[in-house]
Amino acid sequence: MDKLNLVYEGKAKKVYSTEDKSYFIMEFKDDATAFNGQKKGKIRDKGIVNNRISAFLFELLEKNGIKTHFVKLLSEREMLVKAVRILPLEVIVRNIAAGSLAKKLGLNEGEKLQRPVLELCYKNDKLQDPMINNFHAMALGIATQEQLKFIEETSFKINKILQAFFMQKGIILVDFKLEYGTFGDEILLADEISPDTCRLWDAGTGEKLDKDRFRRDLGKVEEAYQEVLKRLIEK
């Protein structure tokens with residue numbers, strides 16, 4: 001299946017149409033951004049690593065009953081996906097205080113939350129993706145009450161699956177971002193799941209294995225991404 005027109009280009013990916021209107025080709029870039037695009041750079045081979053990690057995790061979730069937009073890998077940087085209409089909603093699941101949550105609530109980074117927290121953000125670069133609640137989402141026409149209930153339940157299921165799997169690999173799933181899209185009457189998990197969209201800490205040392213290494217100028221960014229891939233795919 002060939003790439004046709006560029007449908008969308010974001011900070012980390014390009015999406016192309018194909019001859020079949022039901023499918024897109026998603027291409028992963030090496031570009032890296034932080035702080036709503038204020039910090040920019042490149043992470044060597046990030047696109048290759050994130051493509052493989054996302055494909056692996058989408059397949060894992062599919063085996064556990066979560067429907068996703070993933071169809072198959074096409075190349076080291078490309079995957080074939082269902083042509084979903086992305087909901088302008090970022091869904092963030094948090095297990096441990098870190099990042100903006102720690103700052104907003106005065107928590108110590110690394111403090112375990114008494115239960116997972118789910119946050120919604122309005123996906124809008126001009127507004128810097130403000131946090132919203134279900135009532136805002138319904139008032140803006142982003143999603144219906146039934147869709148929001150499905151997204152909430154599915155996101156917590158994904159959290160349980162990924163938490164357990166990552167722990168088997170010696171990695172703590174601190175928090176992560178999800179996006180969903182509509183495909184006909186279905187809502188499918190979309191976008192990507194990677195060190196770009198997850199906070200991942202080594203279970204033994206607490207070392208960060210995600211984009212925080214880029215955000216905070218910690219160095220060894222490429223090595224951290226490669227380490228996550230290595231642990232996930234090793235038997």
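FYI, it's all coordinate maths here, none of it is from the lab. Model, not experiment: these values are computed from the prediction. All Cβ positions, even for glycine, are placed from backbone atoms using ideal geometry, and neighbour counts span all protein chains on display.
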Original post:
For LEU73 and GLN38, what is the calculated FRET efficiency with R₀ set at 30 Å and r taken between the beta-carbons, to the nearest 0.05?
Top reply: 0.40
**OP:** Restricting things to alpha carbons, find the Rg to Rh ratio for region 106-235 using the Kirkwood radius for Rh.
**Re:** 0.99
Original post:
Can you give the charge dipole size of the chain about its Cα centre, rounded to the nearest 20 debye, using +1 on the beta carbon of Lys and Arg and -1 on the beta carbon of Asp and Glu?
Top reply: 440 debye
**OP:** With a Förster radius of 25 Å, plug the Cβ-Cβ distance of ASP185 and ALA139 into 1/(1 + (r/R0)^6) and report the FRET value to the nearest 0.05.
**Re:** 0.60
**OP:** Largest first and to the nearest Å, give the Cα extent of region 63-145 along each principal axis.
**Re:** 44, 32, 28
Original post:
Roughly how big is region 87-220's charge dipole about its Cα centre, with Cβ charges of +1 (Lys, Arg) and -1 (Asp, Glu), in debye to the nearest 20?
Top reply: 500 debye
Original post:
Which value in nm describes the separation of the simple spin-label points at TYR8 and LEU218, placed 7 Å from the Cα toward the beta carbon?
Top reply: 2.9 nm
Original post:
For region 8-16, what does the Karplus curve 6.51 cos²θ - 1.76 cosθ + 1.60, with θ = phi - 60°, yield as ³J(HN,Hα) per residue in whole Hz, taken in order and with x for Gly and Pro?
Top reply: 7, 10, x, 5, 10, 8, 10, 10, 10
**OP:** For region 18-119, calculate the relative contact order in percent as a whole number, restricting contacts to Cα pairs under 8 Å that are 6 or more residues apart.
**Re:** 22 percent
